[in-house]
1. Per-residue HN-Hα couplings for segment 12-18, Karplus 6.51 cos²θ - 1.76 cosθ + 1.60 at θ = phi - 60°, whole Hz, x for Gly and Pro?
2. Return the sequence-ordered ³J(HN,Hα) values of segment 188-197 in whole Hz as given by the Karplus equation 6.51 cos²θ - 1.76 cosθ + 1.60 applied to θ = phi - 60°, using x for Gly and Pro.
3. Could you calculate the FRET efficiency of GLN170 with ALA11 from 1/(1 + (r/R0)^6), where r is the beta carbon distance between them and R0 is 41 Å, rounded to 0.05?
4. For segment 3-56, what mean projected area does the convex hull of the alpha carbons give, in nm²?
5. Counting just the Cα atoms, what span does segment 35-118 cover along each of its three principal axes? Round to the nearest Å and put the largest first.
6. So if I average 1/r over every pair of distinct C-alpha atoms in segment 186-242 and take the inverse, what Kirkwood radius in Å does that give?
7. If amide H atoms are built 1.01 Å from N in the plane of the peptide, which residues on other chains or at least 5 residues away come under 5 Å of the amide H of ARG98?
8. Give, rounded to the nearest 20 debye, the magnitude of the charge dipole that segment 3-56 has about its Cα centre when Lys and Arg contribute +1 at Cβ and Asp and Glu contribute -1 at Cβ.
Amino acid sequence: MRAFTLDYRYAGRQRRMTIGRWPEWTVTAARERAKELRRMIDEGHDPLAAKEDLRAAPRISDMIDRYIREHLPKLSPTNAADQVSMLRKMLEPAWGNRLVTDITKTDVAKFLDIVAEGRPRPSKARPNNRARKLQGHKPTPVRANRMGEVLRKMFTLAIDWGWRTDNPAQGFHRRLETARERFLSPEELTRLAAALDAAEDQRAAGIIRLCMLTGARVGEVRTARFEQFNLDYAIWSKPSATTMPRARPWQ
């Protein structure tokens, strides 16, 4: 392989830097680049050291590995496993080879937009040929918010590690999350009732039963007094001092 090189001396050391390979680089282009490098050397800079520093600079894949190794063991196993899945399947393919210092707020915003957009998911319906049909994109705003929180924590740690001086994920756009409402199935209610009957702490089991029957808050049930109940009419008269109106989301 033929290549254009520049030999120079810096701080008493003999150095050789490869400018580029021939014929990708012409003689004229190589000479112009050599002049630029000479000016850098005359100004007191070592161009080869700068190139080596860039090669050794931490990349996003390095940040992911260190975050998983040092931070995730402090979290619950379920939370840690979910974050590993997001980092390995979503972040690393997109940014893995980029320098930690290269990521900007715009990069974060664009990446979270892609996460929020979702991806086509396999349909539950299976045609005769057993090939799984793909549904359209299903928005995942909650996933984007969780990814934003992980990015913010990762870059905060990167500052502590001395890998960069600012956090591009700080103040990321948080998407509106729709509250989920789910009701137990008859089978689940049966299993829950059996578990409550078998519980050692029947006072706690009674609190759960009353919450299920009335929809009251746990705190209201725990502080309820026997004289508040009319068993003949199945009425619970709650004092106003112990009740608070439920907060409603902004419309």
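Readers should treat all values here as calculations from the given coordinates under stated rules, not as data from a laboratory. Keep in mind that this is a model prediction, so the values were computed, not measured. Glycine also receives a Cβ, built like all others from the backbone with ideal geometry; neighbour counts cover every protein chain displayed.
1. Using θ = phi - 60°, the values come out as x, 10, 7, 10, 9, 10, 7 Hz.
2. Using θ = phi - 60°, the values come out as 5, 4, 5, 5, 5, 4, 5, 5, 5, 5 Hz.
3. 0.55
4. For segment 3-56, the mean projected area of the Cα convex hull comes to 3.8 nm².
5. 56, 30, 17
6. Values: mean 1/r = 0.0797 Å⁻¹.
For segment 186-242, inverting the mean 1/r across all distinct Cα pairs yields 12.5 Å.
7. When sequence neighbours closer than 5 places are left aside, the close amide H contacts are ILE60, SER61.
8. Result for segment 3-56 is approximately 160 debye, rounded to the nearest 20.
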